[in-house]
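No value in this document is a laboratory result; all are computed from the given coordinates. Remember, it's a predicted structure, so these values are computed and weren't measured experimentally. Note that each Cβ is placed from the backbone with ideal geometry, even for glycine, and that neighbours are counted across all protein chains shown.
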Amino acid sequence: MLKINHLTKHYRGSNKGVTDISLAIEPGDIYAFIGHNGAGKTTTLKCVVGIHGFEEGEILINGTSVKDNPMLCKRQFAYIPDNPDLYEYLTGIQYLNFIADIFEVPAEVRQSRIEKYADAFEITASLGDLISSYSHGMKQKLALISAMVHEPKLLILDEPFVGLDPKAAVILKDMMRELCTNSGAIFFSTHVLDVAEKLCNKVAIIKDGVLIASGNMDEIVKQGESLESIFMEVACDDEAN
C-alpha cells in the first residue's frame, strides 16, 4: 500500500533530514514510527504526503509514485499533521463539507459519516460553532473526522493522540483497528510508546535521520521487555554513554 524506497531528504544549509529510509506498509498494518524530537519522523511523513520534495529514492502509494502522480496519490490517503491548521473562520460543519467536496463525497454519504464520527467524538452539538472557538482537543477531533469523511484506505498521522482526552483516544484506537480490519493501513508517529506497543503490529525506530530498527512488533519487542526499554536501548545509547 505504501512503499518508501531509499528515501533521502536533507534541508539546505543543515545536516538535518533523513537518509536512505526504506519501509513497506501493507494492508492491515498499524505501523508506529518512533524516535526523538528532530529524529526525522515528521520529515519522512511530509515527504510521503507530498509536502516536501526529496533528493533520492521513491515513494509509492498503491504502486503510484508521489512524484509522478501526486493528485492520484492524495486521493487515496488522509494526512493529519501534528498541529492541524484548520480554517478557523468556518464552522465545524462547513469545514467537513468543504473536505467532503474536495473528495467528491455524495451528500447522503457524507452526512451519515459525519454523524457517525461526530457522535462518537461527542462534538455534534458544536459543529455549528466557529472553529476559532474550539479547544485544541476539539480541533483534533474535527481533523480526525475530516480525515475519515472520504474513507481513505491509508491514514498518515503525526502524533494523533496529542490533545485527545482518554475517551477520545480510545475511540481513535477503535477507529484505527476498524480501518485496518477492512484492509486499510495506518502509518503514524507517536511518543506514546505503550499505546504503540499495544495497538501496532509493526514499528520503526529512527535516530538522527537513519532507520535503526523496523519490523514486526513482536520481533522488535523481545520476550519480557517493552517497547520503551527497547527504544531506550537502541535509540538512547549515546546519552547513556
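Here are some notes:
- Among the lysines of segment 1-140, pairs at least eight places apart or on separate chains and with Cα atoms under 24 Å apart come to 21.
- Rg over Rh, two decimals, the chain (C-alpha only, Kirkwood Rh): 0.97
- Ratio of Rg to Rh over segment 1-144 (Cα coordinates, Kirkwood Rh, two decimals): 1.02
- Rounded, prolate or oblate (a/c below 1.5 giving rounded, otherwise prolate when a/b exceeds b/c) for segment 63-115 by Cα gyration tensor: oblate
- Taking packing as the residue-averaged number of other Cβ atoms within 10 angstrom, the listed peptides 150-161, 208-219, 91-102 run from highest to lowest as 150-161, 91-102, 208-219.
- Here segment 173-197 and segment 1-35 have alpha carbon centers that stand 17 Å from each other.
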